[in-house]
Amino acid sequence: VLPMQIFVLVEQKVGAGRKGTRLGDELSMHGESEHIRQWKKRQATGTLRRSVTPTRSGSAGLEDLDVDAHVVGLPSDAAGGVNGLGQASQATSYLLPDVDSESPSQEKVECIQLPRKAASEKRLSALLDALEPSIGGMDSRLGLRQMHVAWSNNCTCASSAVLAMTQLRLLQGQAKGRQVRRLEEQIRAFADVAQSGVSNLRGQQLAQVLRAVQGRTGYDNLVKFVASRMLQADLGILEEARNMSPSDVATLVEVFAVNQRDATLYRKLASICMQMDARLFSVDDIAHILEGFDKSGMRDKALLRHMASILQTSSSNSFTAQGIGSLSSSLASGGALDDAAFRALSAAAQKLPAADYTSESLGVTMAAFACADVRDPPLFRYLSKVVCEMETSSFDGETVARIAWAASKQA
């Protein structure tokens with residue numbers, strides 16, 4: 001059987017009465033093409049079935065395949081249209097490999113061809129226009145994900161989708177008017193492609209995908225796919241620790257903390273962190289990672305001790321009021337009562353000017369030190385002074401209660 005060009009159009013359920021139907025029969029019900037006519041002729045002359053001797057690649061001919069659950073393709077006509085649904089984009093076609101091939105092709109298939117300057121474009125309007133052809137040329141009822149149900153390990157579309165999503169996120173602040181809707185539509189379309197090809201992505205790319213959809217709704221399934229991918233064995237801890245950055249891990253943990261509760265997932269992320277070069281971590285990275293673990297309820301004491309040791313060597317100039325509050329809270333709630341780490345946080349907190357503090361950061365920091373039973377009179381004197389200098393209107397009831405409780409514990 002000659003290779004057949006299939007445009008994947010729709011995911012159609014097959015009734016119980018049609019299960020076991022050969023794929024060639026199913027396709028011939030939906031349209032005509034030269035390949036379908038050849039298939040029918042061979043069926044009529046009795047020359048259809050090939051020898052049952054398997055090829056080296058173990059693949060079967062088209063006529064030997066049984067339809068089990070889905071019919072996902074329609075043949076193209078001579079003009080490239082698809083069964084009356086209009087012109088199909090050439091970039092979204094699939095060519096079934098020759099069943100007699102000795103080995104699978106190693107050539108990369110680039111179904112989505114991004115414009116050359118997509119990764120360096122600085123104007124959102126130009127980027128949206130440039131990316132439009134990549135997601136256009138299809139029936140309005142279809143999405144890019146449906147066009148990739150016949151996913152190939154050689155397909156580069158998932159990586160291309162990650163690049164597009166990353167650049168769209170970087171320029172999203174420029175969106176106004178109709179651009180807002182176009183931006184969301186394109187992120188949605190490329191996210192579908194990334195989800196379909198998630199098995200081709202590495203840890204850094206997975207973090208970029210979640211970073212692009214962070215704060216957006218409707219991506220719960222994508223998060224589940226990414227979490228499942230992170231657990232796969234081919235994403236080795238040492239290799240990912242070399243290729244990922246602390247901010248990548250922070251993004252993954254923060255997004256997973258919302259609804260992922262697999263302890264194995266968090267242990268793997270903690271292991272990746274502990275294999276990274278300590279010099280790569282900023283104070284904000286540590287704060288975000290520990291806060292994410294804290295919110296997930298999956299506290300890892302080995303990770304807390306590791307991060308506490310990094311904090312001790314961090315420059316006091318790299319701390320922020322919010323970061324100190326977040327770090328001290330995570331260390332206290334995680335049970336990592338590391339005096340050296342709290343001393344480092346205390347020294348940094350006392351060097352910050354009063355203007356850097358908010359009522360919330362004051363309350364969180366003071367309550368965390370009190371919760372950890374760390375007595376630090378100089379720190380509390382300084383923070384109490386900052387409290388007295390702030391406008392009373394900036395405090396809410398919860399913050400007042402925290403500060404009062406912390407002060408009573410230090411008395």
Which residue, of LEU222, LEU128, is modelled with pLDDT of 90 or more, part of a helix (DSSP H, G or I) and farther than 27 Å from LYS268 by Cα?
-> LEU128
Checked LEU383, LEU290 against criteria (closer than 24 Å to VAL249 by Cα, touching a Ser or Thr at 6+ places or on another chain (Cβ under 8 Å) and among the aliphatic types (A, V, I, L, M)); the one match is LEU290
Test ALA340 against the stated conditions and say whether it is within 20 Å of LEU303 (Cβ to Cβ), modelled with pLDDT under 95 and exposed (fewer than 15 other Cβ atoms within 10 Å of the Cβ).
-> yes
Of the residues that sit in the range 312-333 and are outside any helix (DSSP H, G or I) and surrounded by 15 or more Cβ atoms within 10 Å (Cβ to Cβ), which one is modelled with the lowest pLDDT?
-> SER314
Test: GLN179 is surrounded by fewer than 22 Cβ atoms within 10 Å (Cβ to Cβ), of a type outside the set (Lys, Arg) and within 15 Å of the chain's Cα centre (by Cα) = no
Can you tell me which residues in the range 258-278 are within 14 Å of GLY297 (Cβ to Cβ) and open to solvent by 10 Å² or more (accessible area, probe 1.4 Å)?
-> VAL258, ASN259, GLN260, ARG261, ASP262, ALA263, ARG267
Would a scan of the range 344-360 turn up a residue that is out of contact with any Cys (no Cβ under 8 Å at 6 or more places or on another chain), within 30 Å of ALA270 (Cβ to Cβ) and at pLDDT below 90?
-> yes
Those residues of the range 151-176 which are in a loop (DSSP other than H, G, I, E, B) and open to solvent by less than 50 Å² (accessible area, probe 1.4 Å), in sequence order = SER152, ASN154, THR156, ALA175
Selection from the range 192-208 of residues under 19 Å from ASP234 (Cα atoms), open to solvent by less than 10 Å² (accessible area, probe 1.4 Å) and part of a helix (DSSP H, G or I) yields ALA194, GLY203, LEU206, ALA207
Looking only at the range 296-309, which residues are buried (at least 18 other Cβ atoms within 10 Å of the Cβ) and part of a helix (DSSP H, G or I)?
-> SER296, LEU303, LEU304, HIS306, MET307, ALA308
Flag if VAL258 is under 28 Å from SER282 (Cα atoms), aliphatic (A, V, I, L, M) and at pLDDT 95 or above | no
Scan the range 361-396 for residues that are open to solvent by 30 Å² or more (accessible area, probe 1.4 Å) and either in contact with a strand residue (DSSP E or B) (Cβ under 6 Å, 6 or more places away or on another chain) or of a type in the set (Gly, Ala, Ser) (or both) and jot them down.
-> SER384, SER393, SER394
Answer residue from the range 209-236, given it is surrounded by fewer than 14 Cβ atoms within 10 Å (Cβ to Cβ) and aliphatic (A, V, I, L, M) and is farthest from ARG261 (Cα to Cα) among those | ALA233
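The values are calculated or read from the model by the stated rules, or taken from the named source; none is laboratory data. Everything numeric here is computed off the predicted structure, so don't read it as measured data. Cβ coordinates were reconstructed from backbone atoms using ideal geometry, including for glycine residues, and neighbour counts include every protein chain displayed. Only protein heavy atoms, including side chains, enter the accessible area calculation; ligands, DNA and RNA are left aside. Shrake-Rupley method; radii C 1.70, N 1.55, O 1.52, S 1.80 Å.
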